[in-house]
């Protein structure tokens, strides 16, 4: 009798083991069918955001908002990372700004979220979301929380500089950042570069000069010096071209050599670059340039205030 | 009041010993009930997070380990406090073991206090092991400043205080209600306790003086769990994750609040349990 019971229970055991295997094997195809049905359904929005209000998420997190902030950040990173899926959406990264807003409301101290998040938002499509306005909003939120953090102002300046091409505004933001205690010494130079590119040449020159005089870093000093010398070279070359043009107006040709400008009374001496090496001069075009032997480390200045400078010269040398 | 048999003849000096004996037995019972199995799940969460976070996120790995670890400490602790707390007394009555216990020279209040302390000790062991687990995961992850490890301690302490309060709530319900209802009541109060600040805001916003008074009274009567999660208007776990200093003075006041509230609830549990008629 007991043998029969044991055999029955053994069969039962095998039966349940087989049932378990069968169920386990059938789960995957069943789930795949459910997923396929969901994918076909037009009512499912892949951009669905369960909670759009940062305040509501904060209240509902029941004291675990720090972890919920992490989950939203992971979701934002994953959302941004799925480029193939994003390419199919009508508006790419529609929810990216909202996800980042919720993350930083739940945990406003997540510096990396402001920095990386604003970069995701500001980058043009298809690399980024192409939403520089949202990037500025996120950075302003970060700056409001961290008013002494130069890195957020640095990023904000970049959004103005690269996305909006508003060099003056970028320069102003960077200049503001350079006044923060924690700001690195090169920040002022960056502000100068942006401001000069935006046309504020004299401000830029003053900033480079101050940086040259005050910086303790040899590299920063050298960089400032090279910028100042490059500006000086540009202005000298534009002056030579201008005066050669004046000479041509009077004599019907450009001067054959630069010393003709001296003899004609336009210049007091034959001009040389700041390292003392004479400029190369082309009598056919009336244009001058730095000699190959120059010791000036010329930096191609990424802005052009030539026209403004010519007008200034014209006022000094009336007809 | 119905005190335990022979209660009047007890020697006062034996009281701590009797309470400790009950607490020790409660702790042993919890271990026998395999409460500490949650530590395996916790270890798995910590190991998986240390492996997976690098793939899932961009920076902030250490912060996320702290968030995940401390949240797990709090969630596991709360679940244990509720689901073990609700059966602390009820199980003894259901199994009728309370009769055997109260037949011995043990006061009813000693029984309640002993039970409460036993579960608190179980939670303390749990929390201590989990905190070491978080520290080890951070150590494995690397790049964590030494100060961060120290900053975990006040947060774990505040979580422990909130668990003591949750346990006390469950204990009160356990003395007169079924486990299912006790769990529901405790859970509701735990959730309401996180929204307590809204009551105070409501009291200031309402135009009715009566409703304002009721809301304000409820604010003080209901357990304020947000006391244990927010410090200087900052979430405590968040503070630890960013290695920010905490105000020791405020922690002292939170401790006072926790001890007073827990003391009051244990007193309620004793009063209810003392009035129960065991036939």
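Nothing in this text is a laboratory measurement; each read-out follows from the coordinates by a stated rule. As the structure is a computational prediction, the values presented were derived from the model and not from experiment. We place every Cβ from the backbone using ideal geometry, glycine too, and count neighbours over all the protein chains shown.
Based on alpha-carbon atoms only, what is the radius of gyration of region A:229-316 relative to the globular estimate 2.2 N^0.38 Å? After normalising by residue count via 2.2 N^0.38 Å, the value is 1.06. With angles folded into 0 to 90 degrees, how steeply does helix B:61-85 sit against the dominant principal axis of chain B? Use alpha carbons for both and round to 10. It works out to around 10 degrees. On the beta carbon distance between residue B:277 and residue B:205, with R0 = 45 Å, the FRET formula returns roughly 0.45. For the protein assembly as shown, the equivalent ellipsoid derived from the alpha-carbon gyration tensor has semi-axes of 75, 30, 22 Å in decreasing order. With the simple spin-label model, which puts each label point 7 Å out from Cα in the Cβ direction, the residue A:56 to residue A:182 separation comes to 3.4 nm.
When A:23, B:262, A:153 are arranged by Cβ crowding within 10 Å, least crowded first, meaning fewest neighbours, the order is A:23, B:262, A:153.
Helix B:15-32 and the longest principal axis of the C-alpha atoms of chain B enclose an angle of approximately 60°.
Taking each residue as 0.36 nm, the span from residue B:248 to residue B:222 lengthens on full extension beyond its C-alpha to C-alpha distance by 6.9 nm.
Between residue B:40 and residue A:314, the simple label model (points 7 Å from Cα in the Cβ direction) yields a spacing of 8.8 nm. The Cα center of region A:54-80 and the Cα center of region B:237-279 differ in position by 28 Å.
Of the residues B:242, B:194, the one with the fewest other Cβ atoms within 10 Å heads the list, and the complete ranking is B:242, B:194. Indicate the gyration tensor shape class of region B:15-275 (rounded, prolate or oblate), computed on the Cα atoms with a ≥ b ≥ c the square roots of the eigenvalues: a/c under 1.5 is rounded; otherwise a/b larger than b/c is prolate and the rest oblate. Taking the square roots of the gyration eigenvalues as a ≥ b ≥ c, region B:15-275 is oblate.
Among B:226, A:275, B:233, A:315, sorting on how many other beta-carbon atoms sit within 10 Å of each Cβ, with the fewest leading, yields B:233, A:315, A:275, B:226.
Scaling against 2.2 N^0.38 Å puts the C-alpha radius of gyration of region B:40-147 at 1.50. Remark: spin-label model distance residue A:306-residue B:94 equals 9.1 nm, labels positioned 7 Å along the Cα→Cβ axis.
Each Cα pair of region B:155-279 feeds into the Kirkwood radius, which the Stokes-Einstein equation turns, at 20 °C and 1.002 mPa s, into a diffusion coefficient of 134 µm²/s. Taking Cα atoms only, the orientation of helix B:38-56 departs from the longest principal axis of chain B by about 20 degrees.
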